[in-house]
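Laboratory data are not the source of any read-out in this text; all were calculated from the coordinates shown. No experiment lies behind these values; they were computed from the predicted model shown. Because the Cβ atoms are built from the backbone with ideal geometry, glycine has one as well, and the counts that use them run over all protein chains shown.
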Amino acid sequence: MSEIILQTHNLAKRYKKRFAVSDLNIEVYRGDVFGFLGPNGAGKSTTIRMMLSLIHPTNGSITIFSKRLDKHRGEALKRIGGLVEKPDFYGHLSAFDNLKFIGSLYGGVNKKRIEEVLETVKLSDRINDKVKTYSHGMKQRLGIAQALLANPELIILDEPTSGLDPQGMREVRELIKNLSKEQNITIFLSSHLLTEVEQVANRMAIINNGKLVVQGYVQELLNSSDQYVQIQVEPIEAAEQIIKSFAFIKKYERHNNSLLIYTSIDRIPEINAEFVKHNLQVSSIIPRRSLEDYFIEMTERAYPAFQNAKTKGVGNA
């Protein structure tokens with residue numbers, strides 16, 4: 001069985017009468033890229049701040065590398081690195097000097113290690129440039145370099161691609177993959193960008209209103225719910241009659257000029273062949289079983305009020 005290196009036990013944080021996090025139980029295994037998903041305001045940042053001992057839980061506890069955080073804070077935290085929201089640096093200093101200063105807070109970090117982490121995040125060519133000349137994406141990568149300074153076994157990243165353009169997001173995703181595969185670092189990744197987690201994470205948890213909705217292996221969770229295919233076809237009335245003749249089709253829905261057909265993906269060629277046989281015009285065939293579908297399905301099932309949030313930032317930077 002895989003080693004659990006980060007675990008929360010009935011974790012809760014209350015602000016006055018409102019619980020930002022409530023009875024949260026999650027487990028992160030060594031080697032995971034663990035996606036921590038939830039809409040804005042779900043309690044993700046509050047949870048991370050408790051994990052990094054920046055705020056104290058109201059109830060419950062956190063165990064890191066088998067050590068209770070409240071009882072062995074120094075011993076637990078020295079093995080992890082963290083990036084919480086927007087990284088902050090001295091703009092008039094170079095990347096090297098910023099990391100040298102931060103390293104001094106750890107008791108000192110040598111030049112070689114600073115150069116190594118800047119190489120890892122692909123900033124070696126800007127090592128002596130003042131940070132105020134850096135783009136937002138470069139500052140985010142410098143923030144990850146800071147988290148790597150002390151050779152952590154676990155890094156906790158809070159929305160590391162927030163505000164980045166598509167190229168910057170891609171660079172950070174690739175960096176996360178490389179840290180996991182090449183340096184064997186376990187990564188706890190908080191995000192509301194669903195496709196981001198789907199691309200990099202092997203395990204995940206979804207929270208909403210501070211409570212756990214579901215956790216597990218990404219592919220197992222996705223495969224546990226229905227897949228469907230969206231087919232744009234004309235005339236749609238004739239296509240519906242053909243669909244009704246297939247015994248293997250569980251159900252279908254009509255959506256504007258498309259049919260949403262719930263069936264296994266390997267049945268798509270058979271369905272398409274039948275449409276072509278009857279001279280129907282098929283414009284597009286799109287398999288649907290994404291993390292976004294699953295995310296919305298699970299959060300709506302747990303908290304119907306989440307319906308109002310679908311257009312208020314879910315999946316958006």
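Quick notes on this one:
- Residue order for ARG126, ARG68, fewest other beta carbons within 10 angstrom first, comes to ARG68, ARG126.
- Taking other Cβ atoms within 10 Å as a rough exposure proxy, MET51, MET138 sort from fewest to most as MET138, MET51.
- Peptides 270-278, 189-197 ordered by average Cβ neighbours within 10 Å, highest first: 189-197, 270-278
- Here the relative contact order of the stretch 108-185, from alpha carbon pairs under 8 Å that lie six or more residues apart, stands at 31 percent.
- Ranking of ARG254, ARG49 by count of other Cβ atoms within 10 Å, fewest first: ARG254, ARG49
- Net lengthening on full extension, GLU234/ASN178 (0.36 nm per residue, minus Cα-Cα): 15.6 nm
- A cut-off of 5 Å between modelled amide H atoms, ignoring neighbours fewer than 5 places along the same chain, links VAL214 with ILE206.
- Mean ellipticity per residue at 222 nm, deg cm²/dmol - from DSSP H runs of n ≥ 4 across the chain, formula -39500 (n - 2.57): -10000 deg cm²/dmol
- Once you divide the Cα radius of gyration of the chain by 2.2 N^0.38 Å, the number left is 1.18.
- Cα-based shape type of the stretch 226-288, given that a ≥ b ≥ c are square roots of the gyration tensor eigenvalues and the cut on a/c is 1.5: rounded
- Applying a threshold of 19 Å to the alpha-carbon distances of LYS86/LYS132; LYS44/LYS67; LYS16/LYS211; LYS100/LYS132; LYS44/LYS211 flags LYS44/LYS67 as lying beyond it.
- Highest mean packing first, where packing is the average number of other Cβ atoms within 10 Å per residue, the peptides 79-88, 35-44 line up as 35-44, 79-88.
- Eligible lysines near LYS277 by straight Cα distance, threshold 21 Å, same-chain separation 8 or greater: LYS244
- Counting charges near ILE114 (Lys, Arg +1; Asp, Glu -1) among other residues having Cβ under 15 Å from its Cβ returns a value of +1.
- Normalised contact order of the chain, rounded percent, pairs of Cα under 8 Å and 6 or more residues apart: 20 percent
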